[in-house]
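Colleague: Okay, here's the structure, questions in a sec.
The values are calculated or read from the model by the stated rules, or taken from the named source; none is laboratory data. Here the structure is a predicted model, which means the values were calculated and not measured. No Cβ is skipped: glycine too gets one built from the backbone with ideal geometry, and neighbour counts run over all protein chains shown. Side chains are part of the model used for accessible areas, which takes the heavy atoms of the whole protein and leaves out ligands, DNA and RNA. Shrake-Rupley method; radii C 1.70, N 1.55, O 1.52, S 1.80 Å.
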Amino acid sequence: MDVVYYSYPVDAILYMYLGVTAVASFMIGLLVWRLFKRRDVAFWTTLVLSFIGLSLSLVWFQQASLAVFMGTLPWLINLVFSLVLYLLFCGIVYFIFRPRKVEATK
């Protein structure tokens, strides 16, 4: 196994990947909302894309943490914190894309 050197700590790179994933999936969700005028389609598109990005980021983080010999506890803490951030992101996306009640005009 070769030693890999990163310019930043691997946990910082993980959070950079998660941030890029969140911004990209949210922008694509907004584009879908603008094109199709359906909040539910935009919500599910954003959720699916962000889940794919989260999965890819965590797979990369597992391999990178093995390469730099990260301990078990920091790895687990970063994993749990990533999942908490993902749940927070899902909540924010839900409140942005939730269906609005239309007031009846008389």
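Colleague: Can you work out the accessible area per residue across region 15-106, with the rest of the protein chains kept in place, probe 1.4 Å, in square angstrom?
Modeller: Accessible surface, normalised per residue, equals 71 Å².
Colleague: Let's test the formula: R0 of 30 Å, r as the Cβ-Cβ distance of Ile28 and Tyr5. What FRET efficiency results, to the nearest 0.05?
Modeller: Between Ile28 and Tyr5 the formula returns 0.35.
Colleague: I would also like to ask the following. Which whole-angstrom value gives the distance between the alpha carbon centres of region 70-96 and region 1-49?
Modeller: Region 70-96 and region 1-49 have Cα centres spaced 13 Å from each other.
Colleague: Starting from 0.36 nm per residue, how many nanometres of slack lie between Leu88 and Leu56 once their C-alpha separation is accounted for?
Modeller: Here the segment from Leu88 to Leu56 would lengthen by 9.7 nm.
Colleague: Mind ranking 81-89, 38-46 by how tightly packed they are, going by the mean number of other C-beta atoms within 10 angstrom, highest first?
Modeller: Peptide ranking by packing, descending: 38-46, 81-89.
Colleague: Here's a follow-up. Of Tyr8, Phe61, Tyr86, which is farthest along the charge dipole of the chain in the positive direction, counting Lys and Arg as +1 and Asp and Glu as -1 at C-beta?
Modeller: Most positive-ward Cα: Tyr86.
Colleague: What does region 4-106 give for Rg and for Dmax, in Å, if only its C-alpha atoms count?
Modeller: Gyration radius and largest Cα-Cα distance of region 4-106: 17.2, 68 Å.
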